[in-house]
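All remarks here apply to the structure that follows.
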Amino acid sequence: MSEAVRPFEEVLDEVVKEGGESLNLCYQCGLCSGTCPWGVVRDFNLRKMLRMVQLGLVEESDGIWLCTTCKACVDRCPRGVELIDVIRSMRRMLVGGGMIPQMQRSAVSNIVQEGNPWGNPAEERMDWAKGLDVRRYEKGMDYLLFVGCAPSYDPRNQKVARALVEILSKAEVSFGVLGNEERCCGDSARRIGDEQAFGTVAERNIAKFQEMGVERIVAISPHSYHTMKNDYKEFGGEFEVVHHTQLLAELVDEGKVVPGRLEKRVTYHDPCYLGRHNGIYEEPRKVLESIPGLELVEMERTKDFSLCCGGGGGRFWTETVAEERFSNLRLEEAIGTGAEVLVTACPFCVSNFEDSTKSMGEEGRIVVRDVVEFLIL
């Protein structure tokens, strides 16, 4: 059911004001609906939702909050409509009116108040590094290692952070961390549409980086990478930011990382915010292909056609029923290649795929690893 809640000119003006001006370019071809992964798992029509906004109508559904901001629709749109900006502008309108799902509301509140979406204590942020010799960042070091929330607090992704520290240390890379002073990058706050919260977080982090004399940052999460590389510029944050797979590929090229032999058949999943959003496709593959004995096989949907795991756009902080999990579909694709390991380079992807292996009963058939974990085996 739909209802005209205000004159359509006012709705369109507000969408444009919030950053969705390209909505006016949409001529309703429907390619976005055919591309959106939600159309595979439920009755969802993105084209229809956009048309209703053009007409000043509001649909009584959760459609606006489904978007994972995977960018598949943007890449296929023949009119150049920046659909993610349109969706985010609609979310901003709802957030401004206090209409935000409770789970996302809690995540954003925790990000601002506690420095992480779970609301965990700041003094536990360095627990992942117990037993490791990890230095605090000092001006003049090559990199600030921005660990991120999931690698700091989530037990599974803590292993990724530890593996990266081990490799960087062996390669004699000069790096340090902020320790318990590190705070969330703010990615989820921005994708959910809470610009006030994101601005607070971004300005706080930028001030900290500048105070510490940070020039170059290596990020574990593609979401942190994208946010600090692209979004922070709006707030005066100009830093050189690399993803950990980019740095690893560079170290392999320079001979500073020499992988051992590993007889495995693997397939690689391109995270949305590493691939489609930032064009980083080859570096993770270069690292994998440098491992003697490793056989890399591609899934049918790969690189810019990769299927989203379902964790972006603030969706990681919501419950998704089993039959609607993109990660289940993607895991089936990975298994179909005959791979023993599904490799990726994003904490959200690692968590979602591991959950899928458990819920689908495939734990003994395929395992999930981050790229860097292969370098310590």
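Values in this text are rule-based calculations from the coordinates and carry no lab data. All values reported here derive from a predicted model rather than from experimental measurement. Here the Cβ is made from the backbone with ideal geometry for all residues, glycine too, and neighbour counts use every protein chain on show.
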Potential lengthening between residue 207 and residue 130 on full extension [0.36 nm per residue; Cα-Cα distance subtracted]: 25.0 nm
Which of the GluC sites (Glu not before Pro) found in the stretch 143-205 are in a DSSP loop and have at most 12 neighbouring Cβ atoms, other than their own, within 10 Å? 172
Phi angles of the stretch 267-283, converted by Karplus (6.51 cos²θ - 1.76 cosθ + 1.60, θ = phi - 60°) into ³J(HN,Hα) in whole Hz with x for Gly and Pro, give 10, 10, 9, 7, x, 4, 7, 9, x, 4, 6, 10, x, 9, 10, 7, 4
Please find the FRET efficiency linking residue 240 to residue 340, where r is the Cβ-Cβ separation and R0 is fixed at 35 Å, and quote it to the nearest 0.05. 0.45
Could you give the size of the charge dipole of the chain about its Cα centre, using +1 on the Cβ of each K and R and -1 on the Cβ of each D and E, expressed in debye and rounded to the nearest 20? 200
May I ask for log10 I(q)/I(0) of the stretch 88-135 at q = 0.16, 0.24, 0.28, 0.32 Å⁻¹, from a Debye sum over the Cα atoms as equal point scatterers with solvent left out? -0.58, -0.87, -1.00, -1.08
Whose amide H sits under 5 Å from the amide H of residue 295, counting only residues 5 or more places off or on another chain, with H placed in the peptide plane? 264, 265, 266
Value of relative contact order over the chain, rounded to a whole percent, pairs C-alpha under 8 Å and six or more apart: 16
Derived scalar couplings ³J(HN,Hα) [the stretch 89-99; Karplus, 6.51 cos²θ - 1.76 cosθ + 1.60; whole Hz; x for Gly, Pro]: 5, 5, 5, 4, 4, 5, 4, x, x, x, 9
Given R₀ = 25 Å, FRET efficiency for residue 106-residue 174 by Cβ-Cβ distance, to 0.05? 0.05
How much length is gained on full extension from residue 253 to residue 43, taking 0.36 nm per residue of separation minus their Cα-Cα distance? 70.9 nm
Long-range amide H partners of residue 242 with built H, under 5 Å: 217, 218, 219
Just how many pairs of Lys in the stretch 102-249 have C-alpha atoms closer than 19 Å, counting pairs that are eight or more places apart or on different chains? 6
Residues in the stretch 25-41 that a label on residue 79 would reach, taking backbone N under 16 Å of a point 7 Å out along Cα→Cβ: 25-35
Along the dipole axis of the chain (charges at Cβ: +1 for Lys and Arg, -1 for Asp and Glu; origin at the Cα centre), the most positive-end residue among 336, 220, 243 is 336
Rg/Rh of the stretch 300-360 (Cα atoms, Kirkwood Rh), to two decimals, equals 0.93
nm² value of the averaged projected area, convex hull over the Cα atoms of the stretch 45-167: 11.5
For the stretch 162-320, what is the Kirkwood hydrodynamic radius in Å, using each pair of distinct C-alpha atoms? 17.3
Give the Rg (one decimal place) followed by the Dmax (whole number) of the stretch 258-376, computed from C-alpha coordinates and expressed in Å. 13.6, 42
What is the distance, in nm, between label points placed 7 Å from the Cα along the Cα-to-Cβ direction at residue 27 and at residue 114? 5.0
Given the options 201, 371, 99, identify the residue whose Cα lies farthest towards the positive end of the charge dipole of the chain (+1 on Cβ of Lys, Arg; -1 on Cβ of Asp, Glu). 371
So what's the back-of-envelope 222 nm ellipticity for the chain, counting only DSSP H runs of four-plus at -39500 (n - 2.57) apiece and dividing by all residues, rounded to 500? -11500 deg cm²/dmol
Inter-part gap, Cα centre of the stretch 315-356 to Cα centre of the stretch 90-118, in whole angstrom, is 25
May I have the pair-distance distribution P(r) for the stretch 102-249, computed from all Cα-Cα distances with 5 Å bins from 0 and rounded to whole percent? 2, 10, 20, 24, 22, 14, 6, 2, 0
Taking the Cα centre as origin and putting +1 on Lys and Arg beta-carbons and -1 on Asp and Glu beta-carbons, what dipole magnitude results for the stretch 210-343, to the nearest 20 debye? 140
Which whole-Hz ³J(HN,Hα) couplings does the stretch 361-377 yield from phi under the Karplus relation 6.51 cos²θ - 1.76 cosθ + 1.60, θ = phi - 60°, glycine and proline marked x? x, 10, 4, x, 9, 8, 10, 10, 9, 7, 3, 5, 5, 6, 7, 10, 7
Distance histogram in 10 Å bins (all Cα pairs of the chain, percent per bin): 5, 24, 33, 25, 11, 2, 0
